[in-house]
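Chemist: The structure is given below, and queries will be raised subsequently.
The values are calculated or read from the model by the stated rules, or taken from the named source; none is laboratory data. Everything numeric in this text was worked out from a predicted model, so none of it was measured. Methodologically, a virtual Cβ is constructed for each residue, glycine included, from the backbone with ideal geometry; neighbour enumeration extends over all protein chains shown.
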Amino acid sequence: MLPEVVASKGPLRPWLRLLTEGERLRGLGAFQPAESLLREAASATELDAVAGALELAASLNALGLLCKDLARYDEASELYERAMALVSTERESRATSRALATLYHNLGGIDHARGRFQSAELLARRGVTIRAEIEDEADLAVDLVALAAIVEARGRFDEAESLYREGLAILERGVVRRELEIAVALASLGALRARCESFSLALVPLARAVTIKRRVLGAAHPDLALTLNNLAFVRERLNDVAEAEALYLEATSICDAALGPQHPRTLACRHNLDRLRESTRAAHGLSPTSTHTIPRRETHMSKTNEPDLIRIVLSPEQQQKIRTATGREVEALELTIQELEPRITPVAPRLAGNHNETLLKS
């Protein structure tokens, strides 16, 4: 996910160029080149005498998000905590409060991923409280979805469904359409229903989430793979075995290429695929097969697809100014990096993108 950007007059500083490109690559699921750039960005921000605490916190947080993607939770937690310490030294303001809420959200996500659900809930609820105080509705919805995932992990399924639906309702009625966040909420709601064995009710939100993620993230992103796996799990429970196998295979291939064969998500998807294949063979009286080798999927960034194009979502106030000046309805602007560079600066640290969606497995 790209950093938010706002208008500025000065030239783009070197660390900001690195941060922008690193976040772009992370958004595409190209984690190895993204890591190199984000590490450079963090180092360059620390050396920049002009960069303030919030800017350094944004760089550290961006690297932390990547480490979480790669299941390096200790390193991600350390980076988030360093960012938190920096933000805590700043004077109280809306920007500071947004940054704190985001970092509590992200730290809660790390404890969730580690299985430390009680501390994860405390952190997530602290973030929700701060966000509600500053009336940041769109990100509050994202916080509620993340909190719902933690509540779900603690076994409070009715409360989790209520939180998922509340967050989804806020996102669906938003002035700016946050499609990826809507997909995350739909996927999480579907996975919860599957855990409760309401497979028919799980099918529609999961299928919608897959459609949105394919469009927004592309066909090779590991966050798409997570939802493909869960849709496959539901298809399997509804006895659509052929479709389930195809979905499990696609999910495993994506994870293997993007995350590597030993990443927890890759292992879980492969486990589901192998288990389905073995149970199918057993049902037909065939002997077990050897371990399956999943073909690696090559990922390429085509130059013909405008890889440097950045989409900037406008705030309601910005949209109103454009509407007043031009009579046109505009939700977002699309600029190339070259057009954008002279005008951008980062703002608060970014929210984690996948919010610890449940990965279903037997």
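Chemist: Right, Gly109: at negative phi and outside any helix (DSSP H, G or I) or not?
Modeler: It is false that Gly109 is at negative phi and outside any helix (DSSP H, G or I).
Chemist: Identify, please: which residue in region 116-145 is assigned to a loop (DSSP other than H, G, I, E, B) and at pLDDT below 95 and is, among those, surrounded by the most Cβ atoms within 10 Å (Cβ to Cβ)?
Modeler: Here the answer is Asp136.
Chemist: So, Val216, is that one among the β-branched types (Val, Ile, Thr), touching a Lys or Arg at 6+ places or on another chain (Cβ under 9 Å) and in contact (Cβ under 8 Å) with a residue 24 or more places away in the chain or not?
Modeler: no
Chemist: Hey, Glu121 hits all of (1) of a type outside the set (S, T, N, Q); (2) under 23 Å from Arg13 (Cβ atoms); (3) out of contact with any Cys (no Cβ under 8 Å at 6 or more places or on another chain) but one; which does it fall short on?
Modeler: Of the numbered conditions (1) of a type outside the set (S, T, N, Q); (2) under 23 Å from Arg13 (Cβ atoms); (3) out of contact with any Cys (no Cβ under 8 Å at 6 or more places or on another chain), the odd one out for Glu121 is (2).
Chemist: Between Ser77, Ser93, which is of a type in the set (Ser, Thr, Tyr) and at pLDDT 95 or above?
Modeler: Checking each option against the conditions leaves just Ser77.
Chemist: Here's another thing I want to ask about it. Go through Val204, Val184, Val210 for me and flag whichever is touching a Leu at 6+ places or on another chain (Cβ under 6 Å) and among the β-branched types (Val, Ile, Thr).
Modeler: Numbers: Val204 fails: touching a Leu at 6+ places or on another chain (Cβ under 6 Å); Val184 fails: touching a Leu at 6+ places or on another chain (Cβ under 6 Å).
From the options Val204, Val184, Val210, the qualifying one is Val210.
Chemist: If a residue must be part of a helix (DSSP H, G or I) and without any contact (Cβ under 8 Å) to a residue 12 or more places away in the chain, how many such residues does region 146-161 contain?
Modeler: Residues flagged as part of a helix (DSSP H, G or I) and without any contact (Cβ under 8 Å) to a residue 12 or more places away in the chain within region 146-161 amount to 2.
Chemist: Considering only residues that are buried (at least 24 other Cβ atoms within 10 Å of the Cβ) and either at pLDDT below 95 or of a type in the set (Ser, Thr, Tyr) (or both), which ones fall in region 153-170?
Modeler: Tyr164
Chemist: Considering only region 70-103, state which residues are under 16 Å from the mean Cα position of the chain (by Cα) and surrounded by fewer than 24 Cβ atoms within 10 Å (Cβ to Cβ).
Modeler: Result: Leu70, Ala71, Arg72, Tyr73.
Chemist: Show the residue pairs that are 6+ apart or on different chains and have beta-carbon atoms under 8 Å apart, the first residue being within region 49-74 and on the phi > 0 side of the Ramachandran plot and not assigned by TED's automatic domain parsing to the domain that holds Arg98, the second being among the hydroxyl-bearing types (Ser, Thr, Tyr) and assigned to a loop (DSSP other than H, G, I, E, B).
Modeler: Sorted first by the residue in region 49-74, then by its partner, the list stays empty.
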